[in-house]
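Heads up, the thing below is written out as structure tokens.
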Amino acid sequence: MRTDTGQTVYLQDYAPTPYRAPHTSLMFALHPTRTVVRATTLYEPVGTGPLELAGDGLELVAVELDGEALDESAYEAGPDRFVLKAPPEWPFALTLVTVVSPDDNTELMGLYRSNGVYCTQCEAEGYRRITYAYDRPDVLTVYDVFIVADGDGEQVLLSNGNLVERAVKDGRLSAHWHDPFPKPTYLFALVAGDLGAVTDTFTTMSGRKVELNIYVERGKEPRATYAMDALKRSMAWDETRFGREYDLDIFNIVAVSDFNMGAMENKGLNVFNDRYVLADPAVATDQDYSGIETVIAHEYFHNWTGNRITCRDWFQLCLKEGLTVFRDQEFTSDERSRGVKRIADVRRLRAAQFPEDASPLRHCVRPSKYDEISNLYTATVYDKGAELIRMIHTMIGEAAFRAGMDDYFARFDGTAATVEDFVSCFPLADPGAFMRWYEEPGTPTVKVDERYENGRYTLELTQVPAEGASIKPIPVRLALLSDTGAVDPAKATVHGGEIGPGHIVLKDRVKVTVDRLNAAPIASVMRGFSAPVTIERTADEARDLTLIAKDDDPFTVWDAVQRLAVGAMRARYDGAPGDESALAAALATLAANDGHEPTFRALALIVPTRQTLIEAIGSDVDPDKVNAAHQGFSAALGAKMQDVLARLYSAPVPPADDVSAEAAGHRALRNAAMHLLAAAGETDRAATQATSATTMTDRLAALGALAFTDAPGADDALAAFAAANEHEPLVLDKYFAMEAMRPDDGALERVRGLMEHPKFSLKTPNRVRSLIGAFAQNVAAFHRADGEGYRLVADVAKALDKSNPQVAARLLTSFSDVRRFDSPRREAAADVLADVLQTATSSDVVDIARRLTAKG
Ligand code: TRP
Ligand code: ZN
């Protein structure tokens, strides 16, 4: 077993390579355990000194320089590097022949096999597990790829770019692919195997016809039609909204079952975790459908933001990821509902990024150092990165934003760019001040203070930076609501902030005053969640109820509901009797209002997570009391809203094959009602729906309502569900996740039992995440007082440290929440992490364990 001796990489050490690599020919002779890779790269000196290439666990079998075998004295080679000591001073072709074993590749980086299909994953540093290279994003190369495999002609042989030739001869298949666009190693991909396909075409804005293929496991082709539809809509949207046209003759997507992340944007050959491709109403939920739409769009949009313009170095990861998340969010907003999408994105940001930014794992959106690049694919880089783009958009408006993007594409196409390059394209008032959003970790707080005296209303906003951070420009969207509608902004006087169209830019402090009013207005602050900040505002039930009733910004309404709900749970947690009458009445009115979108109403009815309550409590949290407060609150709300909920539940069920956002909204609203009723002890509807449902959305919602309220019959219903879906891996994942997240006392033992289930395996990341990852989200079970929950997750991480360190490291990040709990728990977790740190060998696990155990 190889031990990674990771070293810290610093942004300030960036230097271009002394050689360029304008062209590479790759020849693959595929074999399950001895694939031979012959790589011939043309190198051109732009500096002097040795040619130092990266490798990772490679076996080198031949070296040639300009076609002649090279004497061993001319180079130094080991599994992890190749150095040509004194390269020619003119362009030269270096051929390196390596041998790799796809079947032994459990890390799922480089070339591996999933269900017998050869596939690759090169981002960030997987290419060096195939051949030696300048495996870094600023070295751009044109590739010709030749693939040879045994086969009868049925198999697909794919790589990036356009197909030049495909041949079958004497039981041997071959294919030649040429990608005319220079690209970094991380965007290289190869796929080969026996796969089925759905095929379509797309005609681009300039009239070019592009062949589209989605390859899936044979027999599952009908489940790829929604992904194909999402792809075509993505291609059309990028043309109309950003003027971006696709640039090759063919676009291929391949779905594989074993994949470390969601999907990968390899040029012209996206590779996907099959959970983001395969769908059919009987096996996939509405949430799965929208996830597919998002990820298909995200990877497609990378063609311009990531591939045509790539990153100079990995510190610039947010340049492609934050921007591409912003683009996929906009796509979903335009395709579905802007208000609902914003709420969904804020939920995600608050659930994952805010906690990360307050934890020992906190880092900047554009960090200045890292130990292991794989651990930088985080909510901060992706989701906070997208928020920073959104703030630019808010501050300059859509027209100037689009002009800035056009400028970015015009100036940087074909290059490896930096965050500074990107920001320079937009007319910001103070770009230097804005850059601090990229360079400082932590979530700022915006304090809201209000006064009303003698007809004069004053609103004061104060910025409180995160610890160690400075004052940054914060766009605040604001409206003052009164009985007669919104107060005309022209009547307000603003001190201390810059006023932009529809927003104020807050630095230290802003004071807004309005005179000659008959009554105090209600301030609707941070409309649309105009900046990734924590809003600190005195609790005021009457004010929040007014916002719920009168505000027309979906986010601020939803946020007022969250504030009241978390406040009520907090009171219960602190031992107060609990009175949710006013909130229940307001929610009942909101939920019954047909003028609102069903999805929005459903979101309002979803009780804030236990995690949200834990964040609000802050320290020395008692997980059992959290569960009790959460359950007590849900039950009370369900009981108080019974009539409305029953009426909502009796609405017609949309047809099973209607997977539109609208139909999904109607299902979501019915299911939210069912869930609250079940929390209040009325589980009959859920019990019936668990067996009668015609969609996975409704079946899973019913099972969840039974499982999470520990209703009679929950165990049997889950067992029947597991038995019925024995041969549906993606459905089994849902089963495992539900068993792992049930809040009852038996969760730990149940999960230990399920680890022995014939279908459980550490080899498939989706399965590990569904059982162990979900267990780590089970508050009371993971944070058991005896430390056994920590032990379980740590043991799995230790096992995976050897076989799949990326997945192991990801699992361990759950430990960053432990600081919210009492000291016996923190000590139990510290012991477990110390043990992990001592025994781990991968740089991935060592990096996370070290940061989690660091003092201070
Ligand atoms: N670039 C991918 C995305 O679109 C992320 C990704 C996929 C990835 N697979 C990976 C990152 C493996 C690191 C390792 O977001
Ligand atoms: Zn991405």
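The values are calculated or read from the model by the stated rules, or taken from the named source; none is laboratory data. No experiment lies behind these values; they were computed from the predicted model shown. Don't worry about glycine lacking a Cβ; one is built from the backbone with ideal geometry, like all the others, and counts go over all protein chains shown.
Cβ separations smaller than 7 Å between residues 6+ apart or across chains give the following pairs from segment 393-414 residues that are outside any helix (DSSP H, G or I) to residues that are of a type in the set (Val, Ile, Thr): Asp413/Ile309.
For Arg509, the conditions (1) at pLDDT 95 or above; (2) under 32 Å from the mean Cα position of the chain (by Cα) are fulfilled apart from (2). Restricting the first member to segment 327-356 and to residues that are surrounded by fewer than 19 Cβ atoms within 10 Å (Cβ to Cβ), and the second to residues that are part of a helix (DSSP H, G or I), the beta-carbon pairs closer than 6 Å and six or more apart or on different chains are Ser333/Lys341; Ala352/Ala379. The residue of segment 25-61 that is nearest to Asp103 (Cα to Cα), among those that are among the charged types (D, E, K, R) and buried (at least 17 other Cβ atoms within 10 Å of the Cβ), is Asp56. Among the residues of segment 693-724, count how many are free of Cβ contacts under 8 Å to residues at least 12 places away in the same chain and among the acidic types (Asp, Glu). Adding up the residues that qualify gives 2. Inspection of segment 100-119 identifies no residue that is among the polar types (S, T, N, Q) and either over 19 Å from Asp258 (Cβ atoms) or within 16 Å of ligand 2 (Cβ to nearest atom) (or both).
Residues that are within 16 Å of ligand 2 (Cβ to nearest atom) and not hydroxyl-bearing (Ser, Thr, Tyr) occur in segment 220-237; there is at least one. Looking at Gly442, Gly432, which is the one that is out of contact with any helix residue (DSSP H, G or I) (no Cβ under 7 Å at 6 or more places or on another chain) and surrounded by fewer than 19 Cβ atoms within 10 Å (Cβ to Cβ)? After applying the criteria, what remains is Gly432.
When Val271, Val325, Val295 are checked against the criterion of being touching a Cys at 6+ places or on another chain (Cβ under 7 Å), within 13 Å of ligand 2 (Cβ to nearest atom) and either outside the structural domain of Ser803 (by TED's automatic domain parsing) or at positive phi (or both), Val271 stands alone in meeting it. Do we find that Ser761 is free of Cβ contacts under 8 Å to residues at least 12 places away in the same chain and under 25 Å from the mean Cα position of the chain (by Cα) in this structure? Yes: the conditions hold for Ser761. From the list Ser803, Ser814, Ser842, the lone residue that is within 18 Å of Pro765 (Cα to Cα), assigned by TED's automatic domain parsing to the domain that holds Asp786 and touching a helix residue (DSSP H, G or I) at 6+ places or on another chain (Cβ under 6 Å) is Ser842. Of the numbered criteria (1) away from ligand 1 (no atom under 16 Å from the Cβ); (2) closer than 21 Å to Ala15 by Cα, the one Tyr127 fails is (1).
Quick one: in segment 254-276, of everything that is in a loop (DSSP other than H, G, I, E, B) and within 14 Å of ligand 1 (Cβ to nearest atom), which residue is surrounded by the fewest Cβ atoms within 10 Å (Cβ to Cβ)?
Among them, the one singled out is Gly262.
In this structure, Thr609 does satisfy being surrounded by fewer than 22 Cβ atoms within 10 Å (Cβ to Cβ) and among the hydroxyl-bearing types (Ser, Thr, Tyr).
Taking segment 688-713 as the range and being over 31 Å from the mean Cα position of the chain (by Cα) and within 20 Å of Ala740 (Cα to Cα) as the test, the residues that pass are Ala711, Pro712, Gly713. Selection of strands (runs of 3 or more DSSP E) fully inside segment 189-250 by the criterion of at least 1 residues being surrounded by 19 or more Cβ atoms within 10 Å (Cβ to Cβ) and small (Gly, Ala, Ser) returns 190-193. Counting only helices (runs of 4 or more DSSP H) that fall entirely inside segment 280-348 and contain at least 1 residues that are closer than 24 Å to Asn266 by Cβ and away from ligand 1 (no atom under 11 Å from the Cβ), the qualifying elements are 286-301, 317-335.
Here's a check for you: in segment 505-552, which residue that is of a type in the set (S, T, N, Q) and under 30 Å from Ala379 (Cα atoms) is surrounded by the fewest Cβ atoms within 10 Å (Cβ to Cβ)?
Among those residues, the one meeting the criterion is Thr538.
Scanning segment 761-776 for residues that are closer than 14 Å to Arg275 by Cβ and either in contact with a Gly (Cβ under 8 Å, 6 or more places away or on another chain) or not in a helix (DSSP H, G or I) (or both) yields a count of 1. Could you tell me whether Lys384 is basic (Lys, Arg) and within 16 Å of ligand 1 (Cβ to nearest atom)? The answer is yes for Lys384. With the condition kept exactly as written, say whether any residue in segment 737-756 is farther than 25 Å from Pro623 by Cβ and either modelled with pLDDT of 95 or more or hydrophobic (A, V, I, L, M, F, W, C) (or both). Within segment 737-756, one or more residues are farther than 25 Å from Pro623 by Cβ and either modelled with pLDDT of 95 or more or hydrophobic (A, V, I, L, M, F, W, C) (or both). Gly713 falls short on exactly one of the conditions (1) at pLDDT below 95; (2) touching a strand residue (DSSP E or B) at 6+ places or on another chain (Cβ under 7 Å), and that condition is (2).
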